[in-house]
Amino acid sequence: MAKSLYVASLEGFTGKSLVALGIIELLARRATRVGVFRPLVESRDEPDSVLDLLLGHDAVDLDAEDCLGVTYDEWHTDEEQALATIVERYREVERRSDVVVVVGSDFTNVTTPTELAANARIAANLGAPVLLVVLGLDRSVEEIRQVISVGRSEITLGHASMVGVVLNRCEPDRIDDMRTALEGDVPIAGAMPEMPVLSAPTVEEIMTALGGRLYLGDAELLAREAEHMLVAGMNAEHILERLTDGTLVIAPADRVDAVLALVAAHAADGFPTLAGLVLNGGHLPSDRLRDLILGLADRLPVITTESDTFETAMRVSQTRGVLSAHAGRKRDVALAMAERGLDGERLLALIDLPTTEVITPIMFEATLIERAREDRQHIVLPEGDDDRILRAASTILSRRVADLTILGRETDVRTRARELGLDIEAATVIDPATSELVEEFASTYAELRAHKGMTVDRAREIITDVSYFGTLMVHTGRAGGMVSGAAHTTAHTIKPSFEIIKTTPGVSIVSSVFFMCLADRVLVYGDCAVNPDPNAEQLADIAVSSARTAAQFGVDPRVAMLSYSTGDSGSGADVEKVREATGLVRSRASELSVEGPIQYDAAVDASVASKKLPDSQVAGRATVFIFPDLNTGNNTYKAVQRSAGAVAVGPVLQGLNRPVNDLSRGALVSDIVNTVAITAIQAQESAGRA
């Protein structure tokens, strides 16, 4: 058993970095500090793409310089000294980590055919077992068996141990048969298919390879992968026949007919969206043609280069994409492949992970994704016109966090997603203005609000609003939950749920919590987002709901009813409200550990608690903090978030019959993904109650 794993291969382009990324994602759910180490790199002066990718994972908190061993030149100059340096630098990373993923060297033209032997020797000196990554593409089972045999021999000769094999870049329809055939020879720790998008270069990488410049278009779209290349050497009609989504087209700028056809096709509904247009030969469009391009497809990246058609096509075809931390779609695809293709239990069995009760923010977020995936729910996202929602949707779908319906005009939503290089094909897209559900929803809403004088005609107008339409999808069971608020106010998001979904039986008030992820634990704060000044009865409801939410997400609820006074030390209307609420909690949920009124320091600090409430089961170890009003709660959570560097996940709404959750209008893509995962977990429980 070891606290490290050495990922190596016998040849180039096997996808070691993908495998290493998947292992880090797996470890992030169980280890507090994940380390990364690269013993051999080409240069210290240039960034190492593999290391940059792995350091981009939130679970790794190390600097690139600390994770490097020696360069190839240093190894070849003095192997013994280089090995000593590698071991010394590795030990420093090991000291700062619970587990270390070591990624072996890449096969380059400056190394020798015995590169794996060098990696085996390094692995032996680091005490790290070797996981061999083997290329499966265009190989028979017997050929793969021979590669594994050669690899095992080299590793054994280097006095290291090979503990498993990952088959990568296999033909998808052969994976299961290959795995079954090879399992008896060596432990197969994973098998993953060939995914062309992972090696596809971005438009920006192609522009760099061509020495070109962005002439027109949206610089943000340079991050899109060019999945296909087309040289526009035929007439316009035949060019259009050959277009597919994600194609990069090469055309001389003086081929006005071809340029116009391409730009028009990119802009037209029903035609593929291009990754980019390269105008070669050093020519520039005329001013009128330039204006026409801008009028038809102002966001399409148009690149100019001095190269002729042949040279341009050669450079494009030879440009290989890099899997990097900034390549959003590639990273999502890679993680999704690793999650499905790697044998997590077998890999974890190879690594001696320390037992820990610590829960880091990364571990908490990873657990959310894992739980959501176990029983996938259907979530509706009403804000299909927001790029952050589309980016989050691509991540959610590729990693199978939830099934999705996105609201918006379908052509607009899907076209924008393709422009951004995102895959949301698996999502359902509904336009509330034209949906066949309008009449049913209008009747349902009119019936629910009949006591307020609502008519079907008026309801028909109201329910085409995305928040109302999405809420009605949840109410009618077409979606398990809804997440909104990236572009709408909290009131706009949750008002329909008050009118349509209503509260859970026995709960009088809808409230919220934030999961406050500190460096070593998760606390629950409520209510910091919804109720300005709850009375004692409402405060008790908030406490009970918050305790249930905490338990639902793995936090053992010990409830502190916060006040400016602890125990019997103070008096006043505000203290009495908290005291009364505490009594109500004890009578309604006698199984809960609850203390109040209590000051924050006595709730969280054991030394203070020993003086103020020495016999309390909650004081000094509270996990759920109930604030007496919104002013106190909102300011406190933000103060802790900023001052203590806590990750605030939420607000998570509670008390509704079905889950609806609100986003901050400044929400990041990761915030949206986390909130969808939380909503999906809530939907699992709602489905269980039903």
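The values are calculated or read from the model by the stated rules, or taken from the named source; none is laboratory data. What you are looking at is a predicted structure, and each value in this text was computed from that prediction instead of being measured. Neighbour counts run over all protein chains shown; Cβ positions are idealised from the backbone, glycine included. Accessible surface areas use protein heavy atoms only, side chains included; no ligands, DNA or RNA. Shrake-Rupley method; radii C 1.70, N 1.55, O 1.52, S 1.80 Å.
Remark: spin-label model distance Glu42-Arg449 equals 6.2 nm, labels positioned 7 Å along the Cα→Cβ axis. In the chain, taking the dipole from charged Cβ atoms about the Cα centre, the farthest positive-side position among Pro193, Asn635, Val585 is held by Val585. Only Cα pairs under 8 Å and 6+ residues apart enter the sum, and on that basis the relative contact order of the range 480-575 stands at 17 percent. Using a Förster distance of 51 Å, how high is the FRET efficiency between Ala181 and Asp387, based on the Cβ-Cβ distance and rounded to 0.05? So the FRET efficiency works out to roughly 0.70.
The label point for Asp533 and the one for Lys502, both projected 7 Å from the Cα toward the Cβ, are 2.9 nm apart. Which is farthest toward the positive dipole end of the chain among Trp75, Thr405, Ile542, measuring Cα position about the Cα centre, with Cβ charges +1 (Lys, Arg) and -1 (Asp, Glu)? Towards the positive end, the residue furthest out is Ile542. Nonpolar atom fraction for the range 1-82, defined as the carbon and sulfur part of the 1.4 Å probe accessible area, stands at 42 percent. Note on the chain: lysine pairs with Cα distance below 22 Å, sequence gap of 8 or more or different chains, count 5. For the chain, the relative contact order is 11 percent, taking Cα pairs closer than 8 Å that sit 6 or more residues apart in sequence and dividing their mean separation by the residue count.
Spin-label model, Ala551 to Gln146: label points 7 Å out along the Cα-to-beta-carbon direction sit 6.2 nm apart. Taking trypsin sites (Lys or Arg not before Pro) across the range 1-89, the ones in a DSSP loop with at most 15 further Cβ atoms lying within 10 angstrom of their Cβ are Arg44. Compared with the direct C-alpha span, the chain from Ser435 to Arg460 gains 7.8 nm at full extension, assuming 0.36 nm per residue. Tell me which label goes with the value of Rg and Dmax of the Cα atoms in Å computed from the coordinates here: (i) 27.7, 78; (ii) 28.8, 88; (iii) 54.7, 174. Read-out taken from this structure: (ii). Placing +1 on the Cβ of every Lys and Arg and -1 on the Cβ of every Asp and Glu, with no other charges, gives the chain a dipole of roughly 1740 debye about its Cα centre.
If you count only protein heavy atoms with a 1.4 Å probe, what accessible area per residue comes out for the chain, rounded to a whole Å²? Present the calculation step by step, with values, prior to reporting the outcome.
Values: 28400 Å² over 690 residues.
About 41 Å² of surface per residue is accessible.
Our summary gives the range 439-537 a relative contact order of 17 percent, counting only alpha carbon pairs under 8 angstrom and 6 or more residues apart.
Extension gain for Lys638-Asp138 works out to 174.5 nm (0.36 nm per residue, less the C-alpha to C-alpha distance).
Under a point-charge model restricted to the Cβ atoms of Lys and Arg (+1) and Asp and Glu (-1), what is the dipole moment magnitude of the range 143-209 relative to its Cα centre, in debye to the nearest 20?
260 debye
R0 = 22 Å: FRET efficiency of Asp412 with Thr476, Cβ-based, nearest 0.05? So, using R0 = 22 Å, E works out to roughly 0.30. The slack between Arg340 and Ala64, meaning 0.36 nm per residue of separation minus the straight C-alpha distance, is 96.5 nm.
Ignoring ligands, DNA and RNA, please state the percent of accessible area on the range 599-690 from carbon and sulfur, probe 1.4 Å.
After summing per-atom areas, the C and S share lands at 48 percent.
Protection proxy ranking, highest mean first, for peptides 335-343, 509-517, 172-180, 592-600: 509-517, 592-600, 335-343, 172-180, where packing is the per-residue count of other beta-carbon atoms within 10 Å, averaged. Only protein atoms count toward the accessible area here, which uses a 1.4 Å probe; on the range 152-311, the carbon and sulfur part of that area reaches 53 percent.
Hey, if you drop one equal point scatterer on each alpha-carbon of the range 405-468 and run the Debye formula without solvent, what base-10 log of I(q)/I(0) do you get at q = 0.17, 0.23, 0.24 Å⁻¹? Relative scattering, expressed as log10 I(q)/I(0), comes to -0.62, -0.87, -0.92.
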